[in-house]
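Chemist: Okay, handing you the structure first.
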Amino acid sequence: MKRLQQEYQPMRRIFYRPRQIDAEDGKYHIRKEEPSLARICSGCGAISLEKRWFFDKALKEELINSGQFEYECCPGCAAVEAEEVGGVVLLSGGFLEGRTDELLKAIQHEEEELRADNPASMIINIASSGENIVIRTANPFMAERIGKKLKKAYDGELAIIWSHEDRLVRVYWSREE
Ligand SMILES: [Zn+2]
């Protein structure tokens, strides 16, 4: 994150690539390519520059003030909208009793951390029946991370099962007491 923020300030570097060497005559030229317009996700406020999505509050305000952007749905919000499930995490066992709020807080904290790196990491929905908690995520990697985080923090049993082609992961975490 830090590296990105530095890289894209000041403003003019958002729209123009830096000076590059022309291989043909070995001299420096400013390569005049089409400026790439910045995008802001209307759902979550993530920013995209040259197809990379990230969060930067200050840069977002700057872009809104400049008017040099378009609104576009980020991959995370698009997946949530389309309910494109990449991962399913199932929590079960007697340990859950009375601890649902605590566990959900830990999971949402993990989501925030993952989203800072990759806005495509979003929880699509969470269903809690009291005995089980089911979390569906847009990103399979994210479901795996949540499972590993639970195992690390609360021990218990963890199973991670990838479907063929690795497009969907099912994560089972359980602890009896
Ligand atoms: Zn978004």
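Where a number appears in this text, it was derived from the coordinates with a stated rule and is not lab data. What you see is a predicted model, and the numbers here were worked out from it, not measured in a lab. Every residue, glycine among them, receives a Cβ derived from its backbone with ideal geometry; neighbour counts consider all protein chains shown.
Chemist: Of all residues in region 107-153 being under 24 Å from residue 94 (Cα atoms) and in contact with a Lys or Arg (Cβ under 6 Å, 6 or more places away or on another chain), which is surrounded by the fewest Cβ atoms within 10 Å (Cβ to Cβ)?
Modeler: The extreme case among them is 125.
Chemist: For region 68-177, give me every one of the strands (runs of 3 or more DSSP E) that falls completely inside it and has 2 or more residues that are among the hydrophobic types (A, V, I, L, M, F, W, C) and in contact with a strand residue (DSSP E or B) (Cβ under 9 Å, 6 or more places away or on another chain).
Modeler: 87-92, 123-128, 132-137, 157-162, 169-174
Chemist: What is the number of the single condition among (1) touching a Ser or Thr at 6+ places or on another chain (Cβ under 6 Å); (2) of a type in the set (S, T, N, Q); (3) under 22 Å from residue 45 (Cα atoms) that residue 118 does not meet?
Modeler: Status for residue 118: all satisfied but (1).
Chemist: Filter region 154-177 for residues that are over 21 Å from residue 124 (Cα atoms), of a type in the set (D, E, K, R) and surrounded by 15 or more Cβ atoms within 10 Å (Cβ to Cβ) and give the result.
Modeler: Correct list: 175 only.
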